[in-house]
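K.L.:
Okay, here's the structure, questions in a sec.
Values in this text are rule-based calculations from the coordinates and carry no lab data. Given the structure is predicted, the values throughout are model-derived calculations rather than measurements. Positions of Cβ are generated from backbone atoms using ideal geometry, with glycine treated the same way; all protein chains shown enter the neighbour counts.
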Number of protein chains: 2
Amino acid sequence: MSTLDHQRYYNCDDCLFKTISCQYIQKDEFEKLRAKSVQLRYKKGEVILKQGAKSTHFLFLRKGIIKFNYEDENGKNLILSINKAPALIGGANLVNAEFNLFSICAIEDCEGCTIDVSMLTRIALGNTLYLFKMLQFITDVFRSSIFNFISLAHKQVNGRIADILIFLSQNIYANNAFVLSLSRQEFAEFAGCSKENVIHTLRKFHNEGVITVEGKKITLNDPERLQKISKHG
Amino acid sequence: MSTLDHQRYYNCDDCLFKTISCQYIQKDEFEKLRAKSVQLRYKKGEVILKQGAKSTHFLFLRKGIIKFNYEDENGKNLILSINKAPALIGGANLVNAEFNLFSICAIEDCEGCTIDVSMLTRIALGNTLYLFKMLQFITDVFRSSIFNFISLAHKQVNGRIADILIFLSQNIYANNAFVLSLSRQEFAEFAGCSKENVIHTLRKFHNEGVITVEGKKITLNDPERLQKISKHG
DNA sequence: ATTAAAAGGTGAAATAATGCAGTTTTTATT
DNA sequence: AATAAAAACTGCATTATTTCACCTTTTAAT
């Protein structure tokens, strides 16, 4: 590697994307992908992919937590999904959308590398098992959000907030106690209700002993009861 | 063709699925698909694919209107999306779900044919352009539902019902006046609110002259005003 | 044609959720 | 360390939504 190479924060040999890719494609083909790839770091709050922009690359998210953010015609934000590394991001557009349908923003410091869509497509078209694997990666992200939608669509706020707490605990932080990466406003944009309603509801759950809220630190004391609230509400 | 062939309601040569397929694959390959395919008719109300069942085939919907129905843990129904022919149905499971995540039911009389997933996959794996085309078909169905979700997630009932009326008028019936294929209960399951709320809101729009409701017949008199309600509410 | 069952509809009380106006706490900046 | 700005929080009035009890109309079954 010449010293003119882009800045490198980590060694590609440690990267899951390389590991997975090389189960399907040859090293020299992966090298073609890598040559076009740039390692990037994003601070909490930064926009990784912008809604409406042309989608020229994916991001393999190696580290961090991101949100899918949709901004509507009135400028109101909605969080469609939250995902943690590792994930292949930006692929909702692979098959049939030229422009990003929503933004992807870091809600914790992130690290990853860009992946050139046309190069990946070219390689994947020549290797359908690899194509399938990439599609799986991409649709995983999408599929995980469908249950959020179902919750949103026919539960009341108690149930929706219980669902989000369970989701964050299980899928994102993998722990009953966690430091929330979202502001109360963002939590509301995820739950589809007002920020005040989030605050009131978290306080209520806290007072009932189901959870403990200390600022951004949340502990699920009684996940079973949360499940019941989710089911009932 | 022998007389032992399955009943045929229509000639495959007229079918869009054949037309599209044969742009990508050879006639003899299509013949392999066709040999495994069965033409089927469904009456309004019939279940085409059942939530939880193993997904062994797609359905190419040639005629009719269907709903995606999700039944939750309490037996409550939610309509995720509504689609009209032509559409390749059941593919949400192609990449990474062994069992149907939701049911697909006819809400008007339907006609179509089954398509064997493993055969289609085998052929598509040997022809990536065809694979891409099929994926486009499949994800179209999915993608169209995302805006319903966005509407559900952060609009109030006025806006959601306005959105559904616009969606049905533009995407399903392609007409400002239509005979609704849904009961009021189903409309509520699509809008994510109570049946009474649907009735009240339709009545209100009717009284304001925005729409005309005569039982199942609905006419959008003032689509621009509906757009405003959608945007505001 | 009669009856039962399902769907459509109504108004009002009870509950849920929002939006406001303000205070307190936290975070970032100089 | 002081200040400003942003986020968190509170209680309450207003608005939205559900639920209920009940009635009417339509549809399906005998």
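K.L.:
If one takes the longest principal axis of the Cα atoms in chain B, at what angle in degrees, from 0 to 90 and to the nearest 10, does the Cα axis of helix B:157-167 lie?
P.N.:
That works out to roughly 40 degrees.
K.L.:
Based on Cα positions only, what radius of gyration and what Dmax would you give for the stretch A:20-83, in angstroms?
P.N.:
So, for the stretch A:20-83, Rg and Dmax equal 15.4, 48 Å respectively.
K.L.:
So what is the relative contact order of the stretch A:13-94, in percent, for Cα pairs below 8 Å that sit 6 or more residues apart? The partial results should precede the final answer.
P.N.:
On the way: 68 pairs, mean separation 21.2, N = 82.
Normalised by residue count, the contact order of the stretch A:13-94 is 26 percent.
K.L.:
Still on this structure: Sequence neighbours fewer than 8 away in the same chain don't count; with that in mind, list the lysines whose C-alpha is under 24 Å from residue B:32.
P.N.:
Within reach: B:18, B:54, B:63, B:133.
K.L.:
Kindly put B:116, A:28 in sequence by how many other C-beta atoms sit within 10 Å of each C-beta, fewest to most.
P.N.:
A:28, B:116
K.L.:
Let me ask something else. What number do you get for the protein assembly as shown when its Cα radius of gyration is normalised by 2.2 N^0.38 Å, N = residues? List each step's numbers first, then the result.
P.N.:
Values: Rg = 23.8 Å, N = 466, 2.2 N^0.38 = 22.7 Å.
Rg over 2.2 N^0.38 Å, computed on Cα atoms: 1.05.
K.L.:
What do the square roots of 5 times the Cα gyration tensor eigenvalues come to for the stretch B:12-144, in whole Å, largest first, as semi-axes of the equivalent ellipsoid?
P.N.:
That gives 25, 16, 13 Å for the three semi-axes.
K.L.:
Another question, if that's okay. Please find the FRET efficiency linking residue A:54 to residue A:225, where r is the Cβ-Cβ separation and R0 is fixed at 51 Å, and quote it to the nearest 0.05.
P.N.:
0.60
K.L.:
Using Cα atoms only, what is the angle between the long axis of helix A:223-232 and the major principal axis of chain A, expressed in degrees (0 to 90) to the nearest 10?
P.N.:
Relative to chain A, helix A:223-232 is tipped by roughly 80 degrees.
K.L.:
Tilt of helix B:128-154 relative to the longest C-alpha principal axis of chain B, in degrees (0 to 90, nearest 10)?
P.N.:
Rounded to the nearest ten degrees, it is 20.
K.L.:
So for the protein assembly as shown, taking the charge dipole from beta-carbon charges (+1 Lys/Arg, -1 Asp/Glu), which of B:78, A:130, A:26 sits furthest toward the positive end?
P.N.:
The one lying farthest along the dipole's positive direction is B:78.
K.L.:
Per residue and in cubic angstrom, what volume does the convex hull of the Cα atoms of chain A have?
P.N.:
Convex hull volume per residue, Cα atoms: 136 Å³.
K.L.:
Give, rounded to the nearest 20 debye, the magnitude of the charge dipole that chain A has about its Cα centre when Lys and Arg contribute +1 at Cβ and Asp and Glu contribute -1 at Cβ.
P.N.:
Taking the Cα centre of chain A as origin, the dipole is about 220 debye.
K.L.:
Here's something else I'd like to know. Work out the charge dipole of chain B with +1 on the Cβ of Lys and Arg and -1 on the Cβ of Asp and Glu about the Cα centre, then indicate which of B:219, B:37, B:115 is farthest towards its positive end.
P.N.:
Going by the charge dipole, the pick is B:219.
K.L.:
Using a 10 Å Cβ count of at most 12 others and DSSP loop calls, identify the longest part of chain B lacking such GluC sites (Glu not before Pro). Provide the component values of the computation, followed by the final result.
P.N.:
Values: sites that count: B:73, B:98, B:208.
Answer from the scan: B:99-207.
K.L.:
Report, in cubic angstrom per residue, the convex hull volume of the C-alpha atoms of the stretch B:77-205.
P.N.:
Roughly 120 Å³ of hull volume per residue.
K.L.:
Quick check for me: using +1 on Lys/Arg Cβ and -1 on Asp/Glu Cβ, what's the dipole size of the stretch A:12-145 about its Cα centre, in debye to the nearest 20?
P.N.:
In total the dipole reaches around 120 debye.
K.L.:
Still on this structure: Given +1 on the Cβ of Lys and Arg, -1 on the Cβ of Asp and Glu, and no further charges, what dipole in debye does the protein assembly as shown carry about its Cα centre, rounded to the nearest 20?
P.N.:
My answer is approximately 340 debye.
K.L.:
How big is the stretch A:182-233 along each principal axis, measuring the range of its Cα positions in Å and listing the largest first?
P.N.:
26, 24, 15
K.L.:
Next question. How many nanometers, to one decimal and shortest first, lie between the label point of residue B:52 and those of its other copies, if labels sit 7 Å from Cα toward Cβ?
P.N.:
Label-point separations across copies, in nm and ascending: 4.5.
K.L.:
Next question. Where in the stretch B:4-78 are there chymotrypsin sites (Phe, Trp or Tyr not before Pro) that are in a DSSP coil and have at most 14 other Cβ atoms within 10 angstrom of their Cβ?
P.N.:
Those satisfying the criteria are B:9, B:10.
K.L.:
Could you name the residue in chain B with the C-beta closest to the rotation axis that superposes chain B on chain A, along with the separation in whole Å?
P.N.:
Rotation axis B onto A, closest Cβ, rounded to whole Å: B:149, 2.
K.L.:
Moving to a separate point now. From Cα pairs below 8 angstrom and at least 6 apart in sequence, can you work out the relative contact order of chain A, rounded to a whole percent?
P.N.:
The normalised contact order for chain A reaches 19 percent.
K.L.:
Residue A:209 label points, 7 Å along Cα→Cβ, one per copy: pairwise distances from this copy to the rest in nm, shortest first?
P.N.:
6.1
K.L.:
Can you list the aspartates and glutamates whose alpha carbon sits under 19 Å from that of residue A:84, skipping same-chain ones fewer than 8 residues off?
P.N.:
Those aspartates and glutamates meeting the cut-off are A:14, A:46, A:108, A:109, A:111, A:140, A:163, A:186, A:189.
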